[in-house]
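Here is the structure we will look at, set down as structure tokens.
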Amino acid sequence: MEILEINYINFRNLIDNNVKFFPKLNLFFGKNGQGKTSLLEAVYFNATGKSFRTTKSTEMMKYGVKRAGVYILYRDSISEKTLTVKFNDSKKEYYYNSKKVTYDEFYGKLNVVTYIPEDIVLITGSPSIRRTFFDGEIAQTNSEYFQDLKNYNKLLKIRNKYLKEQRTKEIEYQVYEEEFVKYGAKVIEKRLEYVQKISIILNLNYRKLFDNEKELSLSYDCHLGNIKKMSIKEIEELLKEKIKKSFNQEKRYGFSLCGPQKDDFLFILNGHEAKSTASQGEKKSIIFSLKLSEIDMVIREKKENPVLIIDDISSYFDSNRKNSILGYLRKRNIQVLISSTGDLGIESENFYVEGGEIRYGTGFEQCK
Ligand SMILES: Nc1ncnc2c1ncn2[C@@H]1O[C@H](COP(=O)(O)OP(=O)(O)OP(=O)(O)O)[C@@H](O)[C@H]1O
């Protein structure tokens with residue numbers, strides 16, 4: 001996939017514009033606070049309907065305006081396509097090839113992978129951060145998972161409501177519980193399958209780019225115990241069993257204590273959990289390897305190259321490591337959008353960002 005151009009209106013500090021991108025490395029450089037991240041955020045938001053900086057879309061609207069919008073023209077292996085998101089403080093509208101669509105129909109069309117400074121929380125942060133991240137990743141290439149997860153989350157809310165209101169003797173509750181178990185097991189099974197696939201690629205990428213003396217893996221830490229070799233029926237049975245055992249406690253608490261919302265994803269480096277043992281440098285390298293592995297997963301599942309977005313590359317790696325990563329990305333024929341406060345010392349198409357304006361082809365001397 002390749003983004004050909006983006007148009008934005010009233011997006012953060014960006015001056016309304018149309019920017020054309022190039023197939024390989026696109027570098028957006030400029031001083032701090034000029035709009036580099038805002039441009040990358042606009043691309044990400046246009047592709048996914050979400051921001052990597054905020055959960056409130058109103059924060060992305062230029063101060064003082066009532067509505068904003070982004071439009072992307074991109075090409076996949078078949079044809080050119082467009083995606084548009086229009087939003088205001090109360091709703092978002094999605095368009096695919098100029099036709100209004102639901103979010104379900106919109107999500108996953110244009111695949112993007114991001115690497116931003118805040119990504120380190122994928123290791124250091126809480127399990128819910130990892131669940132949200134991996135759920136999004138799996139859903140990006142697997143629309144069945146997107147639906148299963150949506151159904152499960154709906155059922156979880158309903159089940160919690162019944163538990164809270166002590167209505168578990170009602171007939172409907174039994175029906176909901178059966179569905180809850182069915183979708184819960186589906187979510188767990190698909191997550192496990194994804195983890196098993198990506199873990200192998202993750203280790204290869206980590207060893208190739210960062211440290212071939214170490215072994216890195218990702219494991220799915222399921223609240224049901226070791227489910228690695230289980231069929232979906234066995235997972236369902238185990239979940240049912242677990243619910244039966246915790247039911248009295250669930251009624252007391254008024255919410256579900258079982259289900260995939262209790263699970264976690266663990267990064268294991270040389271046999272130890274990275275969260276508590278890996279160095280800062282190792283954590284950054286693990287996350288970068290994860291992002292490269294996501295690219296490989298998209299290629300594998302969708303037969304399309306995703307677009308890679310890297311915000312502020314200079315803040316992660318020293319120049320040696322940066323050069324080896326960028327050289328590697330160039331060889332892989334992936335479109336990359338990178339922001340930096342200076343020259344990267346590698347062949348790239350350069351854009352200068354100043355005061356919300358993006359200008360193509362200007363020299364690095366302006367940045368000094
Ligand atoms: N909703 C908004 N409307 C207008 N301006 C905004 C809005 N949100 C943020 N800004 C401003 O936009 C400017 C650009 O921010 P951005 O994060 O894109 O900068 P940057 O070039 O990536 O900087 P850095 O190199 O420091 O990360 C900042 O000065 C910020 O205060």
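The values are calculated or read from the model by the stated rules, or taken from the named source; none is laboratory data. Bear in mind the structure is a predicted one, so any value in this text is a computation, not a measurement. As a convention, Cβ positions derive from the backbone with ideal geometry for all residues, glycine included, and neighbour counts pool all protein chains shown. In case anyone asks, the SASA skips ligands and DNA or RNA and just uses the protein heavy atoms, side chains included. Shrake-Rupley method; radii C 1.70, N 1.55, O 1.52, S 1.80 Å.
Side notes on the structure shown:
- Residue within the stretch 320-335 that is assigned by the TED database to the domain that holds residue 17 and within 18 Å of the chain's Cα centre (by Cα) present: yes
- Just one of the numbered conditions (1) without any contact (Cβ under 8 Å) to a residue 40 or more places away in the chain; (2) surrounded by fewer than 18 Cβ atoms within 10 Å (Cβ to Cβ) is not true of residue 41: (2).
- Yes/no for residue 70 being of a type in the set (A, V, I, L, M), closer than 22 Å to residue 355 by Cα, within 16 Å of the ligand (Cβ to nearest atom) and in a strand (DSSP E or B): yes
- Residue match in the stretch 89-110 (condition: assigned to a loop (DSSP other than H, G, I, E, B), crowded, with 22+ Cβ neighbours inside 10 Å and of a type outside the set (Phe, Trp, Tyr)): yes
- Filter result for residue 80 (open to solvent by 70 Å² or more (accessible area, probe 1.4 Å), assigned by the TED database to the domain that holds residue 35 and closer than 22 Å to residue 305 by Cα): yes
- Which numbered condition residue 216 fails, given (1) open to solvent by 10 Å² or more (accessible area, probe 1.4 Å); (2) touching a Leu at 6+ places or on another chain (Cβ under 8 Å): (1)
- Neighbours by Cβ (under 9 Å, 6+ apart or cross-chain): first from the stretch 191-210, of a type in the set (Val, Ile, Thr); second open to solvent by 80 Å² or more (accessible area, probe 1.4 Å) and part of a helix (DSSP H, G or I): 201/300
- The set of residues in the stretch 221-233 that are under 17 Å from residue 268 (Cα atoms) and open to solvent by less than 30 Å² (accessible area, probe 1.4 Å) contains only 222.
- Exactly one residue among 319, 315, 276 is surrounded by fewer than 16 Cβ atoms within 10 Å (Cβ to Cβ) and within 16 Å of the ligand (Cβ to nearest atom), and that residue is 315.
- In this structure, residue 56 does not qualify as within 16 Å of the ligand (Cβ to nearest atom), basic (Lys, Arg) and more than 24 Å from residue 137 (Cβ to Cβ).
- Given (1) under 14 Å from residue 137 (Cβ atoms); (2) modelled with pLDDT under 95, number of the condition residue 316 does not satisfy: (1)
- If only residues of the stretch 326-364 that are on the phi > 0 side of the Ramachandran plot and surrounded by fewer than 15 Cβ atoms within 10 Å (Cβ to Cβ) are counted, the one that is nearest to the ligand (Cβ to nearest atom) is 355.
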